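Below is one structure, written out as structure tokens; the observations come after it.
Read the figures in this text as sums done on the coordinates, not as results from a lab. Note that the structure is predicted; figures quoted are calculated from it, not measured. Please note: Cβ atoms are built from the backbone with ideal geometry, for glycine as well, and neighbour counts cover all protein chains shown.
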Amino acid sequence: MKRVALLGATGSIGRQAQEIVAAHPGLELVAASSGSTPIGGLAPHTQVGGDLTELLERSHPDVVLNAVVGFAGLPATLWTLERGFELALANKESLVAAGQLALSARERGGGPILPVDSEHSAAFQCLEGHERETVTKLVLTASGGPFRGRTRAELEQATVEEALAHPTWRMGPKITVDSATLANKGLELIEAHFLFGLDYDRVDVVVHPTSTVHALVWFRDGAALAHLGFPDMRVPISYALTHPERAATPVEPLDLAAATLEFEAPDLDTFPLLGLAREAGERGGTYPCAYNAANEVAVAAFLEGRLPFLAIADVVERALSTVDGAPAADLDELVLADAEARRAAEAVLEPVA
Ligand code: NAD
Ligand code: MG
């Protein structure tokens with residue numbers, strides 16, 4: 001029996017994970033958390049808000065599914081890696097913000113990270129059993145979000161409601177806005193760099209509107225392995241929780257005769273947050289942390305109606321230009337870098353809005 005701690009149990013990933021755990025006789029939900037919704041009775045150990053490492057300390061999980069949204073998921077990621085328990089990671093923000101610290105913790109703990117993000121679950125499976133030097137390129141696919149094909153002029157008046165209408169995935173509000181700006185793919189680029197140890201020039205992004213191919217890997221012999229499937233997060237959640245068993249799920253196979261496999265280059269001018277993520281990743285240090293922090297501030301302001309859609313990228317760009325980006329030696333320094341970037345973003349919010 002595998003003891004599962006589910007953090008962020010009330011969210012989009014959390015609810016689908018509950019379904020997967022309930023359907024699998026080898027998985028037992030021992031702990032569950034939410035940010036604010038009451039969840040008494042969902043698991044033997046529950047917690048609403050507060051320090052999630054306390055919940056983990058008292059519930060003794062074998063696997064932690066971190067489905068919290070944002071930087072708030074970081075202590076749980078580091079706690080799990082440090083102790084060598086399995087980390088099923090949906091909370092990409094923690095790996096983006098703390099990449100180097102997380103990798104060091106994983107090295108000390110010796111446990112695996114099983115990605116839940118669909119592209120990274122796909123990439124993990126395509127890369128399994130292949131030496132890194134045989135890989136020429138990892139390609140992450142992006143749906144392009146609700147605003148694919150639009151011009152900047154057309155997006156000046158983009159509303160929250162329009163940004164939340166994602167064409168292929170039903171997700172929480174923060175990641176849905178990130179998908180509309182392509183910041184989500186930016187975060188995923190940095191996530192892939194840390195997860196798979198690939199330099200940024202070996203990770204590409206391509207727009208693929210139907211989200212049928214989740215990722216593909218090119219090898220030096222000219223062959224590519226791709227991962228296809230119906231866009232349904234229960235597949236990567238189940239894979240992460242039951243690896244290496246690959247348990248059955250209720251997800252139907254694709255109708256290949258009806259599938260379209262179209263790809264196009266991302267529009268980096270209309271969606272600058274993808275390019276800004278690549279720059280932040282390449283600069284290293286705490287630039288990825290600052291990118292994430294400024295983006296969290298800007299997305300929250302957009303969702304509250306305090307910031308126009310196109311200004312999300314302006315806020316992140318201007319915040320990135322003011323922080324010092326020096327590497328963080330420990331969690332305390334990282335928390336300071338995160339706070340500095342949040343202040344920088346808040347400071348530019350007013351004039352931009
Ligand atoms: P969501 O907003 O639906 O749910 C977030 C969960 O985190 C909720 O249970 C909420 O109560 C909890 N939470 C929020 N703030 C918290 C805080 N400060 N402290 C503790 N708990 C808090 O989000 P989601 O769409 O399920 O996404 C969760 C994570 O998974 C994100 O990092 C997202 O990028 C990633 N992800 C989601 C999807 C998807 O399909 N939804 C796909 C890939 C990756
Ligand atoms: Mg994804």
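Quick check: Cα centre of region 26-81 to Cα centre of region 201-273, how many Å? Their Cα centres are 28 Å away from one another. Ellipsoid semi-axes for region 59-120, based on the Cα gyration tensor and the rule √(5λ), read 15, 13, 11 Å when sorted largest first. Note on region 1-52: the C-alpha convex hull projects to 3.3 nm² when averaged across all orientations.
Note: relative contact order over region 2-115, using C-alpha pairs below 8 Å and six or more positions apart, is 23 percent.
Volume per residue for region 65-183 equals 130 cubic angstrom (convex hull of Cα atoms). The loop-placed GluC sites (Glu not before Pro) in region 51-129, going by DSSP, that have at most 16 neighbouring Cβ atoms within 10 Å of their Cβ come out as 128. Please state, rounded to one decimal and in Å, the Kirkwood hydrodynamic radius that the chain gives when every pair of distinct Cα atoms enters the mean of 1/r. Here the Kirkwood hydrodynamic radius works out to 20.4 Å. Distance from the C-alpha centroid of region 106-125 to that of region 162-197: 17 Å, rounded to the whole angstrom. Would you mind estimating how fast region 284-353 diffuses translationally, via Stokes-Einstein at 10 °C and 1.306 mPa s with the Kirkwood radius over Cα pairs, in µm²/s? Result for D is 136 µm²/s.
Membrane-span-like helices in the chain (whole DSSP H runs, Cα extent of at least 18 Å along the helix axis, mean Kyte-Doolittle hydropathy of at least -1.0): 92-109, 183-196, 287-303, 331-352. Calculated mean residue ellipticity at 222 nm for the chain: -14000 deg cm²/dmol, from DSSP H runs with n ≥ 4 weighted as -39500 (n - 2.57), summed, divided by the residue count and rounded to 500. Both the radius of gyration and Dmax for region 2-115 are 12.7, 37 Å, in that order, over alpha-carbon atoms.
For region 142-251, the Kirkwood estimate of hydrodynamic radius, built from reciprocal distances between every pair of different alpha carbons, is 15.8 Å.
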